[in-house]
Every structure is written in structure tokens, then in C-alpha cells.
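Have a look at the structure below, then the notes.
The values are calculated or read from the model by the stated rules, or taken from the named source; none is laboratory data. Predicted model only: the values in this text are computed from it and were never measured. Reconstructed Cβ throughout: ideal geometry from the backbone, glycine too, with neighbour counts over all protein chains shown.
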Amino acid sequence: MIVKQIMNQNVITLNSSDPIRLALETMKINKIRHIPILTDDAKLVGIITERDVKDASPSIFQLELKEDFLNEPIKTVMTNNVVTGHPLDFVEEAAAVLMEHKIGCLPILQNDMLVGMLTETDLLHTFVKLTGGDQPASHIEIKVPNKAGMLAEVSSIFRHRKLNISSVLVYPDSDNHFKILVFRVQTINVTMIINDLKAEGYEVLWPTIPESLE
């Protein structure tokens, strides 16, 4: 999946000469936390966030200073060195960039023009969809040897039971000789498939079923 498929293309922007007050009002009205800042010729020159304003704002007890502060231009508090992405970047790479730089959004540029915005909320929604978390399904975790072909072998057991797999995740175990397969399958009663997995010698980490029900 690429960034273009999940980014917000209707991006609200402001100019660096606009007052900070307008940025705060725009964030409140549109329920957003980040606003890209453009020049008159639509070039990205910065980004302003709620945190930028909060960090630069005078104390609430300094009312006169606060009023002056809100009338200052956005360029006095905006972040200038903006980390950006491209519409054809892979979503997982964009997520890694957000984590690496500890930022909450990524303006998306194409030919030096702003074409979209990707936020951590967009990524979270995408993750939920990719993992099938937005659909009713049963969650099964299986510990398997860390070698090629294990996913196909385990999946064949689900196929034998004619169970539809909504999603599969693979992540490392604390022991490098093993890995964890996480399946979401469209069934409510998982007892039979778990018994099948155990009969084939696989360790089922979740769900745990009392021996009396096996």
C-alpha cells in the first residue's frame, strides 16, 4: 500500500504571514492539529502545530502579552525544517519516518507542490483495516519455527476447515529460532481449529482453551 491511497488530499493550509490566532481558530473549527504553511506561490515553507503554539505562548497570566502573541505572524512559531513524503512512498516507510523523527504528520509533496497530508491517525486507521480489526473475527496466535514455508503449512490447516482468513501478521518471538503467526479468521467457534493445530504439533499462544474442552 502506498501513501497516495490513504493520505488526505483536501489539505487546509495557511500563509506564513497569517496571524497565529487564525491558525488556532482553523485548528479548532476543523478539528485538526497540524497546518502546512505555504508561500504565495504555493510552496511549502513550514508547518504549525498545536504544540508549536503552546510552547511559544506566554503564560496565561500575561494577558496583554498573550494578545500580542496571537496577532504575530505564523512564521514566528512555525517549524521551518519540514520532513515530507511522496505519494508513491510505501505506507510502512512513512510510518517509520514519523517514528524516527517523533512527529505526528507528514506533508506529501509531488514536484515540490503539496498534494496531501498523512497523519498518525491515518496510519492507525490503515493498520486497523490491514489487520482486520474493523471486522468481526476470531484472533489466533501460533508459535512456529522460524523457517521458510511455515505460513503456508499453517494456512493449509485453516483451508482444510474451510475457514476464511481475514488477515495474517508475522512478528518475531523473543527466541530467534521461532516466530509468531497471528491469524484473524471468520469464525466464532475456534475449538476445532485449535485442536487441529495442536494435533499437528503447533503451540497455540491464544486463545487458551481448558483441557476439558479439547
Residue check, GLY201 against (1) small (Gly, Ala, Ser); (2) over 18 Å from GLY132 (Cα atoms); (3) part of a strand (DSSP E or B), all met but one. Which one? (3)
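Regarding the stretch 166-180, can at least one residue be identified that is outside the structural domain of GLU100 (by TED's automatic domain parsing), in contact (Cβ under 8 Å) with a residue 40 or more places away in the chain and within 30 Å of the chain's Cα centre (by Cα)?
Step one: of the stretch 166-180, the residues outside the structural domain of GLU100 (by TED's automatic domain parsing) are 166-180.
In the following step, the residues that additionally are in contact (Cβ under 8 Å) with a residue 40 or more places away in the chain were identified as none.
The answer is no; no qualifying residue exists.
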For the stretch 108-158: of the residues being under 12 Å from LEU197 (Cα atoms) and of a type outside the set (A, V, I, L, M, F, W, C), which is surrounded by the fewest Cβ atoms within 10 Å (Cβ to Cβ)? SER156
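If only one of LYS147, LYS162, LYS143 is in contact with a strand residue (DSSP E or B) (Cβ under 8 Å, 6 or more places away or on another chain) and of a type in the set (Lys, Arg), which one is it? Don't jump to the end; show me each part of the working.
On the way: LYS147 fails: in contact with a strand residue (DSSP E or B) (Cβ under 8 Å, 6 or more places away or on another chain); LYS162 fails: in contact with a strand residue (DSSP E or B) (Cβ under 8 Å, 6 or more places away or on another chain).
On inspection, the qualifying residue turns out to be LYS143.
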Does ILE188 satisfy the condition of being out of contact with any His (no Cβ under 8 Å at 6 or more places or on another chain), more than 30 Å from MET99 (Cα to Cα) and part of a loop (DSSP other than H, G, I, E, B)? yes
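Hey, among ASP196, ASP173, which residue is in contact with a strand residue (DSSP E or B) (Cβ under 8 Å, 6 or more places away or on another chain) and acidic (Asp, Glu)?
Values: ASP196 fails: in contact with a strand residue (DSSP E or B) (Cβ under 8 Å, 6 or more places away or on another chain).
Sole residue among the options that is in contact with a strand residue (DSSP E or B) (Cβ under 8 Å, 6 or more places away or on another chain) and acidic (Asp, Glu): ASP173.
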Members of the stretch 141-152 that are in contact (Cβ under 8 Å) with a residue 24 or more places away in the chain and of a type outside the set (Val, Ile, Thr): GLU141, LYS143, PRO145, ASN146, MET150, LEU151
Sort through ASP40, ASP55, ASP68 and tell me the only one that's at pLDDT below 95, closer than 23 Å to GLN110 by Cβ and either of a type in the set (D, E, K, R) or outside the structural domain of LEU118 (by TED's automatic domain parsing) (or both). ASP40
Residue that is touching a helix residue (DSSP H, G or I) at 6+ places or on another chain (Cβ under 7 Å) and surrounded by 14 or more Cβ atoms within 10 Å (Cβ to Cβ), where the choices are ILE165, ILE194, ILE180: ILE165
Single condition VAL182 does not satisfy, out of (1) at pLDDT 95 or above; (2) β-branched (Val, Ile, Thr); (3) more than 14 Å from TYR202 (Cβ to Cβ): (3)
